[in-house]
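Following: one structure in structure tokens, then a few remarks.
The values are calculated or read from the model by the stated rules, or taken from the named source; none is laboratory data. Everything numeric here is computed off the predicted structure, so don't read it as measured data. Neighbour counts run over all protein chains shown; Cβ positions are idealised from the backbone, glycine included.
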Amino acid sequence: MFVKIKGTGSCLPEKVLDNFEISQLVDTNDEWIQSRTGIKSRHIAREETAVSMAAKAAKRALEDAQVAAEEIDLLIVSSVSSEQLLPCTACSVQKEIGAVNAAAFDLNAACSGFIVAYQMAAGQIKAGLSKKALLIGVECLSNIVNWEDRGTCILFGDGAGAAVVSADEDGNIDGRGNIEIPSVLHSDGSRGEVLTCQNPTGKRADGSLKGYVAMDGREIYKFAARQVPVVVKEILEKAGKSVEEVDLFVLHQANARIVDAVARRLHIGIEKFPMNLQEYGNTSSASVPILLNELNRNGLLKKGQKLVLAGFGAGLSWGADILEWDIKG
Ligand code: ACO
């Protein structure tokens, strides 16, 4: 394995909006939401911003990794819902945390964003262009959710997760000099219409300004349940590992039914698929690093364990990374 995660952090907004509160806003109820999605509550930004949450998560990850902000030479923020377009969120985070030596930029790959950021960092490190990277997934989805649409507003939450990654001193995962970048990514723009959000500041030809998330939930469900098992098998084949050799599958936390379906199709016990979407809802590109951080902080990850990370969502885009956990549990 060419890169390893050296530290993690997260930040969730203080305000918790549970299913009972959301049923005061739209015609829904706790039973419907839980049975369809597994979600009980989500955190919603009030005072917090994408930049403030990302910066807090980043500082916690740096502290966990015992890496100084000045040592970071690459800072990637993945987000679709930051309150600012310019400067990019990554540059504002750079300023907040003092990562003065980092090249900083944002990427948008929706719910696959953290998986993409990991591959970008691994590629830069392998090419010798970076030594220590800080990856952040942050979302303020409450900025772009239509709070009058019960089909979407129940699903999403706000938050940030971060990880520090650097070159692995051992240089490989299997002791045989295999330094392939452990990542598989896919996109299919021809199916992009199933999950869209117009730029809230942009004006459409018909004069309307509709910067809200719109989706075909059933199509997304079918896409995820079909493609995620395939991409998991692909990454395992690339890494020369079997399903049984993987300790945990850390999937994008969209929906408990999707995670269940993936586990079933791979014939793997659901206990290998940790979930925290009950508490946070779908936080898009922040969900994988938030979950990783929670597992890390709760001592549920042991050095040497093999993890598969997988993301899937708008674009359509989907992908997976495989990594060996390097932090002592
Ligand atoms: N409360 C009560 N009723 C509701 C709600 C709600 N919040 N939302 C929809 N309904 C109603 C609909 O109006 C419809 O009523 P009708 O039959 O009278 O017309 C009925 O429930 C069924 O609606 P569907 O949209 O067909 O419901 P479905 O069973 O497909 O569940 C859901 C919807 C939960 C969104 C499901 O399609 C799903 O999980 N899809 C995956 C989508 C997803 O995870 N998106 C996240 C973003 S993308 C990503 O992160 C990968």
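Every listed requirement among (1) part of a helix (DSSP H, G or I); (2) in contact with a strand residue (DSSP E or B) (Cβ under 7 Å, 6 or more places away or on another chain) is met by Pro274 save one, (1).
Among the residues of segment 88-108, is any more than 23 Å from Glu148 (Cα to Cα), in a loop (DSSP other than H, G, I, E, B) and within 16 Å of the ligand (Cβ to nearest atom)? Yes: one or more hits.
The residue list Leu295, Leu309 contains one member that is under 25 Å from Val3 (Cβ atoms), aliphatic (A, V, I, L, M) and away from the ligand (no atom under 16 Å from the Cβ), which is Leu295.
Does segment 232-241 include one or more residues that are surrounded by fewer than 21 Cβ atoms within 10 Å (Cβ to Cβ) and either closer than 30 Å to Lys15 by Cβ or in contact with a Phe, Trp or Tyr (Cβ under 8 Å, 6 or more places away or on another chain) (or both)? Scanning segment 232-241, I find no residue that is surrounded by fewer than 21 Cβ atoms within 10 Å (Cβ to Cβ) and either closer than 30 Å to Lys15 by Cβ or in contact with a Phe, Trp or Tyr (Cβ under 8 Å, 6 or more places away or on another chain) (or both), so the answer is no. Counting only residues that are in contact (Cβ under 8 Å) with a residue 12 or more places away in the chain and within 16 Å of the ligand (Cβ to nearest atom), give me the strands (runs of 3 or more DSSP E) lying completely in segment 1-86 with at least 2 of them. Hits in segment 1-86: 15-18, 41-44. Scanning segment 293-329 for residues that are closer than 24 Å to Met53 by Cα and in a strand (DSSP E or B) returns Leu309, Ala310, Gly311, Phe312, Gly313. A single member of Ser41, Ser79, Ser130 is modelled with pLDDT of 95 or more and crowded, with 22+ Cβ neighbours inside 10 Å, and it is Ser79. The test for being over 18 Å from Val288 (Cα atoms), in a helix (DSSP H, G or I) and away from the ligand (no atom under 14 Å from the Cβ) does not hold for Gln119. Checked against the criterion of being buried (at least 22 other Cβ atoms within 10 Å of the Cβ), over 24 Å from Leu301 (Cβ atoms) and under 16 Å from the mean Cα position of the chain (by Cα), the candidates Ala99, Ala58, Ala90, Ala54 yield just one match: Ala90. With respect to the stated conditions, Asn276 is under 19 Å from Ile39 (Cα atoms) and surrounded by fewer than 19 Cβ atoms within 10 Å (Cβ to Cβ).
Residues in segment 280-292 that are within 16 Å of the ligand (Cβ to nearest atom) and in a helix (DSSP H, G or I): Tyr280, Ser284, Ser285, Ala286, Ser287, Val288, Pro289, Ile290, Leu291. Would you be able to say whether some residue in segment 259-268 is within 14 Å of the ligand (Cβ to nearest atom) and not in a helix (DSSP H, G or I)? Scanning segment 259-268, I find no residue that is within 14 Å of the ligand (Cβ to nearest atom) and not in a helix (DSSP H, G or I), so the answer is no. Of the residues that make up segment 200-214, is at least one among the hydrophobic types (A, V, I, L, M, F, W, C), crowded, with 16+ Cβ neighbours inside 10 Å and either part of a strand (DSSP E or B) or modelled with pLDDT under 90 (or both)? For segment 200-214, residues among the hydrophobic types (A, V, I, L, M, F, W, C), crowded, with 16+ Cβ neighbours inside 10 Å and either part of a strand (DSSP E or B) or modelled with pLDDT under 90 (or both): absent.
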